[in-house]
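Read the figures in this text as sums done on the coordinates, not as results from a lab. Just so it is clear, the model here is predicted, and its values are computed rather than measured. Don't worry about glycine lacking a Cβ; one is built from the backbone with ideal geometry, like all the others, and counts go over all protein chains shown.
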Amino acid sequence: MNDTQITEKLRAAGQLQLLRFYDELDDREKQSLKDQIIQTDFSYLSRFSSKDNPASRGVITPLKAMTLSEIACRQAEYEEAGLKALASGRIAAVCLAGGMGTRLGFDGPKGCFDIGITHPVYIFQRLIENLMLRVKSCGRWIWLFFMTSENNDEATRAFLEEHKYFGYDPSYIRFFRQEMAPAVGEDGQVLLETKSRIAVSPNGNGGWFRSMQSAGFISLLQEQGVDFLNVFAVDNVLQNICDPVFIGAVLDSGCASGSKVVRKNSPDERVGAMCLEDGRTSVIEYYEMSEAMRHETGPDGERLYNFGVTLNYLFRIPDLVKAADDKLPVHFAHKKIECVDEEGNRVMPDQPNGWKFEYFIFDILHILDGCLPFEIERNKEFAPIKNASGTDSPDSARELCRMNGIIL
Ligand code: UTP
């Protein structure tokens, strides 16, 4: 793209203000701003201005989960089918590690956080150790992908290399970067983080498929006969990756996806619950549920919206390819965004001053045909690290590790 085309791209998107300080920049800064403009996808903005906000929901109804007792009845059968699928190389693992980890407040990629007490035990190490159990039981290496973002890509790669991938065979590990989305002020104009840099943020955990596809990994996997992806969050140190029982149950169900869910520990637990929306799989966020909905029970006395998502999904690749994720809604989050004002002064807001755009992974469930919600024992498999202290923190995760005999 030459300079005229760059200006045209901005004009078409109504964002010429991004060149406001251009004449003050040195050559290196000018080039870096131009490169960023070329890379930036401004199409998020049209979704914002048309207020195509997914906050308006369809008709929400309950979705039954496969419960622990139902799973127990067919455990051996599912496990055998799952191990067979793993042993024939049909399943790959994808770790979503592109988030900002703002709540934890750790200065580095979340996976590099050390939860050890007597010796270092990193989050990435815990995940890899868990996957290694599976590699041992199925007798072959499983492809392991890490989605990073611009903010943490280099640090993530360097950390894993330095730690020799915690014993995983590096020839089965690949990285890809997720896309960044521009952030806008209250007026819908894209903000500048500095005079020479657009304010951008990772485009949400739902952006993984498009980014993985653009990196060429989906076609590579399909050529190798991989037809399911187990996609999971970086922050659960008890994450059971490529669980054969889960895989076997999803294969048996014929659904295009599966979701590991936990029974909510109270109606008010701040976790999204599986449901149907206009008859298709969906997730309702805790803040979207009315008091009545949170407590509503079915004939068996079970709460109807009682199964929370843990961000561990199985997706059938051909269905993902067919579903074309350009149908995914863009969510707008009102956030504090560091930026420069019209005079070029640094702004460090203490209140939300703009909007970030994100795709959510659970919207992918909605565009696929069918999802099996599969219950897991939360004390055995769910130890997320979200906050610096209290619920879902390093301390709560350490306690759960201790309960599971993991020496920290
Ligand atoms: P969270 O929603 O907990 O976000 O991500 P976060 O960025 O890690 O933490 P906060 O909200 O800033 O405190 C759930 C999972 O999705 C990944 C995260 O890395 C985590 O594994 N994620 C999230 C991405 O990979 N990319 C994103 O843009 C957002």
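Relative to the longest principal axis of the Cα atoms of the chain, the long axis of helix 27-39 lies at roughly 50 degrees. Set the Förster radius R0 to 35 Å, insert the Cβ-Cβ distance between N404 and S88 as r into 1/(1 + (r/R0)^6), and round the FRET efficiency to 0.05. Working from the Cβ atoms, E equals 0.75.
Which FRET efficiency value, to the nearest 0.05, is calculated for E161 and R57 with the Förster distance at 35 angstrom and r the Cβ-Cβ distance?
E between E161 and R57, to the nearest 0.05, is 0.20.
For segment 281-320, the mean projected area of the C-alpha convex hull, equal to one quarter of the hull surface, is 4.1 nm². Label-to-label distance, S219 versus T102, with points set 7 angstrom from Cα along the beta-carbon direction: 3.7 nm. In terms of its C-alpha gyration tensor, segment 1-77 comes out prolate, because a/c is 1.5 or above and the ratio a/b outweighs b/c.
Computed over the chain, the per-residue total of -39500 (n - 2.57) for DSSP H runs of n ≥ 4 gives a 222 nm mean residue ellipticity of -9500 deg cm²/dmol, rounded to 500.
Stretching the chain fully between S266 and S32 yields a gain of 79.3 nm (0.36 nm per residue, less the alpha carbon separation).
Its Cα gyration tensor gives segment 357-404 an equivalent ellipsoid; the semi-axes, largest first and in whole Å, are 28, 17, 5. Taking 27 Å as the limit for the C-alpha separation, the pairs K34/K356; K110/K336; K264/K327; K136/K327; K84/K110 exceed it in the case of K264/K327; K136/K327; K84/K110.
Counted residue by residue at 0.36 nm each, then reduced by the alpha carbon distance between them, the extension gain from K322 to K64 reaches 90.3 nm.
Mind pulling the angle between the C-alpha long axis of helix 244-253 and the longest principal axis of the chain? Nearest 10 degrees, somewhere in 0 to 90. Between the helix axis and the principal axis of the chain, the angle is about 90 degrees.
Convex hull volume of the C-alpha atoms in segment 119-232, normalised per residue: 150 Å³. Rg and Dmax, both from the Cα atoms of the chain and both in Å, are 22.0, 70.
Between H119 and D252, full extension at 0.36 nm per residue minus the direct alpha carbon distance yields a gain of 43.7 nm. Against the chain, whose longest principal axis is taken from its Cα atoms, helix 68-87 shows a tilt of about 70°. Here the convex hull built on the C-alpha positions of segment 1-150 has a volume of 261 cubic angstrom per residue.
Once you reduce segment 117-170 and segment 193-255 to the center of their Cα atoms, the two points are 15 Å from each other.
Considering all different alpha carbon pairs of segment 287-404, the Kirkwood hydrodynamic radius works out to 18.7 Å. Most tightly packed first, judged by the mean number of other beta-carbon atoms within 10 Å of their residues, the peptides 60-73, 217-230 read 217-230, 60-73.
In a reduced charge model with +1 at each Lys and Arg Cβ and -1 at each Asp and Glu Cβ, the chain shows a dipole moment near 740 debye about its Cα centre.
Centre-to-centre, using Cα atoms only, segment 265-299 and segment 315-381 are separated by 19 Å.
In summary, segment 203-338 shows an alpha-carbon radius of gyration equal to 1.18 times the 2.2 N^0.38 Å reference for compact globular proteins. In this structure, D341 and Y22 have a Cβ-Cβ separation that, at R0 = 22 Å, corresponds to a calculated FRET efficiency of about 0.85.
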